[in-house]
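Values in this text are rule-based calculations from the coordinates and carry no lab data. All figures in this text were calculated on a predicted structure; none of them were measured in a lab. Note that each Cβ is placed from the backbone with ideal geometry, even for glycine, and that neighbours are counted across all protein chains shown.
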There are 2 protein chains.
Amino acid sequence: MKFSAMLTKRFKDTPADCQIASHIFMIRGGYMKNVGNGIYSLFPITKRITSKIERIMREEMDRIDGQEVLFPVAMPANIWKESGRYDSIANELVRFKDRGGNDMVLGMTHEEAAVHLARETADSYQQYPFMIYQIQTKFRDEPRARGGLIRVREFTMKDAYSFHTSKEDLEQYYERCHKAYERIFARCGVPEVISVKSDSGMMGGKVAHEFMLCTPVGEDSLVVCKDCDFRANMETAECVYDDLGGEEKTLTKEYTPEMKSIEDVCAYLKQDVNRSIKAVVYQKETDDKCVVVFVRGDVEVNETKLRNHLKSEVYPAQELERFGLVAGFIGPKGISDKVEVVYDISLKTSQFYTCGANEENCHLTGLNLARDVGDVNFVDVGKAVEGGICPSCGKHSLSLTRGIEVGNIFQLGDRYTSSMGMKYIDRDGTLKTPIMGCYGIGVGRLAASVCEAHHDDYGPIWPISIAPWQVQICALRSDDSEVKAFADKLYEELENAGVEVLYDDRPVSAGVMFSDADLSGIPVRVVVSPKGLKNGTVEISKRDKSYMDKIAKDAALESLKALVKQMLDELNA
Amino acid sequence: MKFSAMLTKRFKDTPADCQIASHIFMIRGGYMKNVGNGIYSLFPITKRITSKIERIMREEMDRIDGQEVLFPVAMPANIWKESGRYDSIANELVRFKDRGGNDMVLGMTHEEAAVHLARETADSYQQYPFMIYQIQTKFRDEPRARGGLIRVREFTMKDAYSFHTSKEDLEQYYERCHKAYERIFARCGVPEVISVKSDSGMMGGKVAHEFMLCTPVGEDSLVVCKDCDFRANMETAECVYDDLGGEEKTLTKEYTPEMKSIEDVCAYLKQDVNRSIKAVVYQKETDDKCVVVFVRGDVEVNETKLRNHLKSEVYPAQELERFGLVAGFIGPKGISDKVEVVYDISLKTSQFYTCGANEENCHLTGLNLARDVGDVNFVDVGKAVEGGICPSCGKHSLSLTRGIEVGNIFQLGDRYTSSMGMKYIDRDGTLKTPIMGCYGIGVGRLAASVCEAHHDDYGPIWPISIAPWQVQICALRSDDSEVKAFADKLYEELENAGVEVLYDDRPVSAGVMFSDADLSGIPVRVVVSPKGLKNGTVEISKRDKSYMDKIAKDAALESLKALVKQMLDELNA
């Protein structure tokens, strides 16, 4: 492609609303144009990148026996009513009525469509297992679209759905798909992507992993062990606590006027905060009931874990008095029977605690839960902390980091097949419900994440496997007939050799040409200049600056072919 | 791919709502599944076909310097308000509100998005001409989805938009794209597709062509000359009439009680129908005014041509009295001045006509329009007929036929660039508005149309260029170890040689296997059977029955490779 013919425009200045590198460079470099909140059109340079990512995805999905299908973007609501998600998902799901007044939705994911397609087709155990996938547009009405292609409302996604007759078979396939995902990320130039256990959220099911590209600009919090291979999303990371030791103490009521925070109380009573009980009060969405969560004074509540435990959305509670609670002085002993109580496992670590007395201006010290409250059911609803204990190796080696989620996989079980009545005839003639896994990667987000991971101060450094072109020819002084003749010929020869070339043939200054080349991020660059040609050379370099050399001009073609081949081989190794 | 592993199910019986071959076979053969009115999911076999069609489209678009981009499916309504189509298109355009209450639309075509992407980017004459295209999902809320993939509400479309600085340049590029379309259809195995001049409808612009696959099940009426290369859509076909000759006559009023049709009147008055004037009354959508169209008694009104002339939607008129019309006796002389009058050019052919007298139970004979009505402006709003005069060669050689529209191209002019304020700086420094062309092909409709054109009583006969697989191995008695061993080996060798193979390895009867093979329509078939192997042969045949032979089993691989290559070469010739 000749640069002069490409539909593109670059900008010198960073747009005001761009915070992260990929967003900045992809706007400045003319990769995309904002059409509306979280909605972009992609310029040719980006479509070339996403097409290559899609090809890699197809190859890896086909390699694990995936069959490509196509589901609709706009679906009748009835299949979403069957699964229950028409009602359970809030306004992230776009709903509209068609001209006939029928309820419709825009697909934000396609479990329902996958079950709908397969349920009458795969009616015998002999047809299992199978996996179907598509690469298509999805729409999620995100409240906070941000970061360019990192979090958008409309996006292209590779989504895959596998169907199985046993848990073992699902687990085995899940593992195969996990490996396929690792290959996809490696081939796209980000082998550093890690997988972490995660919460399955609105998808249903139990086991789930997110694939994370670790970067400070990521919007997910991750918990990673510095000593072993444990890694988890903060949302689900299991917590482990050391026993604090010590003997039982006498239960005593203390007057603690106006001291409503547990830190204040502990300071006043000269108690360690980790020997205190903090009360955090929520309201449940499902039944509007009030839930009091007791955690150790130094521990925070992990609301995702709490939601999963309660199987309900939760909100900070209002009107505590209505439920018989004394705000600021809530404690386990004698708590109102109008509320549901949750005890975090961090409260298993001490024989005595300071806590609210359920009376205005009073706290208790020396509370022993078993002795003073009775048989208590402990659950894990705490938040992991930096330096916390790794649930896998047991060392104080947890580290918190951030990541961009570039893919996810779920063991869905029968969440959809059961609600949508999918059955097959088993070997023994009985009707059974198959189970499912699902597997997603957003194409545009992956492209932007690669840019996030691979860039310098001047622009993206695209891995050659997904680069829009493999080689960029910069013809300095294209008005020089010798330069033009050589560059034209090199362009033609490279293209004939199957090398993808962006040929900058514009009559612009070296400065403009090089800064534009930095923004296009093409991995191999060859500079053809009057001065070089006079010395019989061209300059070949890599965009990542790891290589630069002057090559005899007659050897340029072969050098470039060899360099491209070598770089492609490295990524596919 | 092994047949046993493919997600598919076939049906023996024709579903009740299927009327046309492609719909019948694509449902019976497990190509797609209906998700809702005019909305389908595509099974793997169909996705393989559409992917190949898309690849051919990409190659041909790239060949005419197209640059692939991606526009959004869901768009903020504001760009559609800019072009005016948010208001001018009725409920075919899906409108919805996002969570922020903003007006949104689902793209049914992407002129607005194309202008939005290009308008700030292509701001200098040096960047012109250029063409951008995408292959993506569109949604049109059709009132009458029908015929399987022929007329759906959601579909994948290749849509292209070219931008130019002069009419000549647009016309030149339009011609290039016309040729690219011919190549696309030829490569997809339907070189018989013809292009006809058409109405540009809601797209705006003047010159437009539709690409039509002629078939009796098509929903478009076409006018084709049997003697020259004239062809047009009935909607726009120009009409030409012979002069009927004869002298002026005296104007006379006749009593014609209760005779309201022009045929009755002519029979009663012993006049030729083509010497009479028929009145057809419409109401305009734009201003609710009444329009009386006068055509020759033997001519029908072409409502599309009338709409274009009036620049308004029209409906059959109600309440004629309100406009001073005498139903059944309407004529040109002395007609109410509350109505708009249109004279068809068919009325230029005689010096005298019989017509309504605008009085209850009265007609006139001998009416001469110039003498008795005055200076009349004639326009062409008649419908072409079988045996009518060809406007190109002048012979009575017109023939009416039907076709499926498989593509269309439009010279849009400045319809969108002007309303959306797109400008570029011309060579002389002045700001100018570029002009556009647009070019569309529906992927699924093309697949179904190919099936419509190429099938027999048992299923589709896919051209090898777009066939889901190139070769189908039918292993008769796959439980026979010799058959299995040979078929397994042949499958592996063909795949290694790059031939796409569907290997039917199922333990089913020959009858089931062959009827399933007919439904998959794969162009080359090889039957491996115990009997054949005993004689040292396999049977190779073409799906279209033009070839069948017993080949020595050791020569099977080479024969199949040669056959596939030859068939591919024929289509790409």
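Compute the signed sum of charges (Lys and Arg +1, Asp and Glu -1) over the other residues within less than 15 Å, Cβ to Cβ, of B:Tyr343. Charge balance in the 15 Å sphere: +1.
Out of all Cα-Cα pairs in segment B:465-536, roughly what percent, to the nearest whole number, are more than 20 Å apart? The calculated P(r) of segment B:465-536 puts 26 percent of pairs beyond 20 Å. Taking N as the residue count of segment A:137-281, its C-alpha radius of gyration divided by 2.2 N^0.38 Å amounts to 1.56. One quarter of the convex hull surface built on the alpha carbon atoms of segment B:60-126 amounts to 6.1 nm², the projected area averaged over directions.
Rg over Rh for segment B:11-142 works out to 1.06, both radii taken from alpha-carbon positions and Rh defined as the Kirkwood radius.
Averaged over the residues of peptide A:122-131, the number of Cβ atoms from other protein chains lying within 10 Å of each residue's Cβ is 2. Across all C-alpha atoms in segment A:385-427, the radius of gyration and Dmax reach 19.5, 52 Å.
At 20 °C and 1.002 mPa s, grab the translational diffusion coefficient of segment B:100-192 from Stokes-Einstein with a Kirkwood Rh over Cα pairs, rounded to a whole number in µm² per second. In µm²/s, the coefficient rounds to 134.
Find the all-direction average of the projected area of the Cα convex hull for segment A:303-343, expressing the result in square nanometres with one decimal place. For segment A:303-343, averaging the hull's shadow over all directions gives 3.3 nm².
Which residue, chosen from A:His396, A:Thr537, B:Met259, occupies the Cα position most advanced towards the positive end of the dipole of the protein assembly as shown, where the dipole is computed from +1 (Lys, Arg) and -1 (Asp, Glu) charges on Cβ about the Cα centre? Value computed over the given set: A:Thr537.
Projecting the Cα positions of B:Asn302, B:Gly459, B:Val94 onto the charge dipole of the protein assembly as shown (unit charges on Cβ atoms of Lys, Arg, Asp and Glu, taken about the Cα centre) puts B:Gly459 furthest along the positive direction. Taking the charge dipole of chain A about its Cα centre, with +1 at Lys and Arg Cβ atoms and -1 at Asp and Glu Cβ atoms, the residue from A:Ser418, A:Met513, A:Thr215 reaching farthest to the positive side is A:Met513.
In a DSSP loop and with at most 12 other Cβ atoms within 10 Å, the trypsin sites (Lys or Arg not before Pro) in segment A:8-58 are A:Lys12. Considering the rotation that superimposes chain A on chain B, the residue of A whose beta-carbon lies nearest the axis, and that distance in Å, is A:Phe96, 2. Going by alpha carbons, how many degrees (0 to 90, nearest 10) lie between the helix axis of B:167-187 and the longest principal axis of chain B? With both axes taken from Cα atoms, the answer is about 40 degrees.
For segment B:389-503, the Kirkwood radius over C-alpha pairs fed into Stokes-Einstein at 10 °C and 1.306 mPa s yields D = 78 µm² per second. Among beta bridges identified by DSSP and lying wholly in chain A, the antiparallel ones come to about 80 percent. The mean number of Cβ atoms from other chains found within 10 Å of a Cβ in peptide A:153-159 is 2, as a whole number. With the alpha-carbon atoms of segment B:269-428 aligned to their principal axes, the span from lowest to highest coordinate is 66, 41, 35 Å, starting with the largest.
For peptide B:92-99, the mean count of partner chain Cβ atoms within 10 Å of a residue's Cβ comes to 5.
Averaging 1/r across all pairs of distinct Cα atoms in segment A:242-350 and inverting the result yields a Kirkwood radius of 14.9 Å.
Within segment B:200-283, the proportion of Cα pairs with more than 21 Å between them is 59 percent.
The loop-placed chymotrypsin sites (Phe, Trp or Tyr not before Pro) in segment B:486-573, going by DSSP, that have at most 12 neighbouring Cβ atoms within 10 Å of their Cβ come out as B:Tyr547. When the GluC sites (Glu not before Pro) in segment B:109-173 are filtered for DSSP coil states and for at most 12 other beta-carbon atoms within 10 Å of their beta-carbon, the remaining sites are B:Glu120.
The calculated 222 nm mean residue ellipticity attributable to helices in chain B amounts to -7500 deg cm²/dmol, summing -39500 (n - 2.57) over DSSP H runs of n ≥ 4 and dividing by all residues. Ellipsoid semi-axes for the protein assembly as shown, based on the Cα gyration tensor and the rule √(5λ), read 62, 40, 35 Å when sorted largest first. Of the residues A:Ile425, B:Ile277, the one with the fewest other Cβ atoms within 10 Å heads the list, and the complete ranking is A:Ile425, B:Ile277. Percent of alpha carbon pairs in chain A separated by more than 46 Å? So the pairs more than 46 Å apart make up 32 percent of the total in chain A. Computed over neighbours whose Cβ is under 15 Å from that of B:Asp488, the net charge equals -2, Lys and Arg +1, Asp and Glu -1. Descending by average beta-carbon neighbour count within 10 Å, the peptides B:306-319, B:361-374, B:469-482 line up as B:469-482, B:361-374, B:306-319, the highest first.
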